[in-house]
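The block underneath contains the structure these notes are about, expressed in C-alpha cells.
The values are calculated or read from the model by the stated rules, or taken from the named source; none is laboratory data. Just so we're clear, the structure is a prediction, and the values are computed from it rather than from any experiment. Methodologically, a virtual Cβ is constructed for each residue, glycine included, from the backbone with ideal geometry; neighbour enumeration extends over all protein chains shown.
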Amino acid sequence: MSEQNFDYEVRCKSCFNKFIVQMYDSHDKCLWLVDNKDWYCDSCKREYLDKKTEMFSKANAGLGFPPLTGTQKRIAWAEKIRAELINKANYLNSTLSHEDEDAKTLSDKAFLLFFQEWQTETDAKWWIDNRTTNVRDISIRIKEITDTLL
Ligand SMILES: [Zn+2]
C-alpha cells in the first residue's frame, strides 16, 4: 500500500500566507476544499477572535459590565455568552406588559437589581458555567427579586 499524504497546502484568505492543513477525505474532495473553502491561518483566526472579543467587551462595558478575568480563551467565550445573556434579559424586559405605572416602576427596579447581580460576576468561568441560562431562568430570578421589593 502506498503511503497517503494528508497534508494540503492552503492559502489564508486574510493575510495570503500559505500553510499546511491535514484532511482525511478523498483526495478529490480535499483538492476541492483547498480551492473553495475559506481558509484562515492560526494567527488570523486569533486576531479575528481578539477583535470580536474586544467588540463584545466594549458593548458589554457600555452597558456597565466590568472586564472579565480568566484565560484569554475563556474570556473570549465568556464575553460572547455575556452579550447573548444580556440580550435575552433585555428581550424579556421588552416583552413585558405592565398593569400600571407602579408595576412598571417595580419591574424596572427588579431588572436594575438583576443586572447589578450579573455585573458582580467578573469571572469568565461563571459565564461559561451559566451559558445555558434561558429567558425562563431570567424570568424566574426577576420574579424572585420583585418579590423582595414588595
Ligand atoms: Zn492569515
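The table below lists the values:
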item	result
Selected residue (criterion: farthest from the ligand (Cβ to nearest atom)) from residues of the range 1-53 that are of a type in the set (A, V, I, L, M) and part of a helix (DSSP H, G or I)	Leu31
Meets criteria (of a type in the set (A, V, I, L, M, F, W, C), surrounded by fewer than 13 Cβ atoms within 10 Å (Cβ to Cβ) and modelled with pLDDT under 95) for Met23	no
Number of the condition not met by Pro66 [criteria: (1) out of contact with any Cys (no Cβ under 7 Å at 6 or more places or on another chain); (2) over 30 Å from Ile140 (Cβ atoms)]	(2)
